[in-house]
1. Name the residues in segment 60-73 that are free of Cβ contacts under 8 Å to residues at least 60 places away in the same chain and crowded, with 24+ Cβ neighbours inside 10 Å, would you?
2. Name every residue in segment 147-185 that is touching a residue at least 24 places away in the same chain (Cβ under 8 Å) and among the charged types (D, E, K, R), in order of residue number.
3. Answer yes or no: is there a residue in segment 120-131 that is closer than 30 Å to R219 by Cβ, crowded, with 23+ Cβ neighbours inside 10 Å and of a type in the set (S, T, N, Q).
4. Residue under question is G56, and the condition is that it be in a loop (DSSP other than H, G, I, E, B) and either crowded, with 17+ Cβ neighbours inside 10 Å or touching a helix residue (DSSP H, G or I) at 6+ places or on another chain (Cβ under 7 Å) (or both); does it hold?
5. Any idea which residue in segment 2-16 is most open to solvent (accessible area, probe 1.4 Å), counting only those that are under 23 Å from G187 (Cα atoms) and assigned to a helix (DSSP H, G or I)?
6. Could you check segment 17-46 and list, in sequence order, the residues that are modelled with pLDDT of 95 or more, assigned to a helix (DSSP H, G or I) and charged (D, E, K, R)?
7. Check whether at least one residue in segment 24-38 is touching a Phe, Trp or Tyr at 6+ places or on another chain (Cβ under 8 Å), open to solvent by less than 40 Å² (accessible area, probe 1.4 Å) and aliphatic (A, V, I, L, M), and report yes or no.
8. State yes or no: is A139 open to solvent by 10 Å² or more (accessible area, probe 1.4 Å), in contact with a strand residue (DSSP E or B) (Cβ under 6 Å, 6 or more places away or on another chain) and within 24 Å of G266 (Cα to Cα)?
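The values are calculated or read from the model by the stated rules, or taken from the named source; none is laboratory data. Note that the structure is a prediction, hence the values are computed from the model and not measured. As a convention, Cβ positions derive from the backbone with ideal geometry for all residues, glycine included, and neighbour counts pool all protein chains shown. These area figures cover heavy atoms from the full protein model, side chains too; ligands, DNA and RNA do not enter into them. Shrake-Rupley method; radii C 1.70, N 1.55, O 1.52, S 1.80 Å.
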Amino acid sequence: MSAIGLGCSSMSHGYGPTERDDEESVRVIHRAVSYGIDIFDTADVYGPFTNELLLGRALRSHRDNVTIATKCGLVVMPDGKFHRNGRPEYLRAACEGSLQRLQVDVIDLYQLHRVDPAVPLVETWGALGELVTEGKVRALGISHATCDELELLHSVFPITAVQYELSVWATANREDVLPWSQKNNVGFLAFAPLGRGYLSGKIDHSAIGTEDSRNRDPRFRPEAMSANHAIIEGLRRVGDRHGATPAQVAIAWTLAQGDNVVPIPGTRKLHWLGDNAAAVDLHLTSEDLRDIDDLPQAVGEMSWDQFRSAGADRPARRA
């Protein structure tokens, strides 16, 4: 697959209805294909459902040249919260729905979005493995599982890819999940390599709308964003050595974490897509990487931090 992919969730989800522009999003997807980007990541819960519909429409004429990755296992309830559902019968129905919305005969990478503590993990993963043997899915992935859970799942049916956050200001998964994936020859899809836009150096708190999901993240409070500006300045200093932007440095850092790592930055704008795509040509030196690793630790917990595996679920990010 291509060195970077395109995370599509923000096109339909998380930033409020006024930010949604399906026609611009289709243009972004088509431009990404023209750049040689060939992996596109979505999930049935994004919207819910509208992001898969958008991607299916946009990629209909490019099906033979792209890898489509979607997810299952999270459901938006009437109270607006996410609920985990790993029941085999639900996953089978979810797969059929995704196939229809994406307008495909087979899903290239089908990922379990969250582990459901109410269902034996082997039952959940076994049901997904059946979808592969039946030809509805080509490969399986998972997000937000512990290394012990990954080990168990991999022994039941091979994991092709894991998907976790990995960025300059979110490095926890570099300590355990990333080494596990490298040891087991499993791909690592790195979501939010730009820290939900913050690491681009182009946003401040006043630009975050009231319906923007980042308002719920302590790391996006004004005092935290101000304190974390030192990270942006560090990325800018490294970028100045190469004529690159902070965003490009952030993506290049994620790429440098391993040959199996594929960053999937999301964007809804053509000009940011071009900036992101150019990061694959930026090769950071050992000095650059040391300087980035020496930057201050990020201030403020990300609300995702407490939802890595089983446990209470968070409010849905409605769009």
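1. If the condition is that a residue be free of Cβ contacts under 8 Å to residues at least 60 places away in the same chain and crowded, with 24+ Cβ neighbours inside 10 Å, then I68, T70, C72, G73 are the ones that fit.
2. Of everything in segment 147-185, those that are touching a residue at least 24 places away in the same chain (Cβ under 8 Å) and among the charged types (D, E, K, R) turn out to be E149, E151, E165, R174, D176.
3. No, every residue in segment 120-131 fails to be closer than 30 Å to R219 by Cβ, crowded, with 23+ Cβ neighbours inside 10 Å and of a type in the set (S, T, N, Q).
4. Against the criterion (in a loop (DSSP other than H, G, I, E, B) and either crowded, with 17+ Cβ neighbours inside 10 Å or touching a helix residue (DSSP H, G or I) at 6+ places or on another chain (Cβ under 7 Å) (or both)), G56 does not qualify.
5. S9
6. Across segment 17-46, the qualifying residues are D22, E23, E24, R27, R31.
7. yes
8. yes
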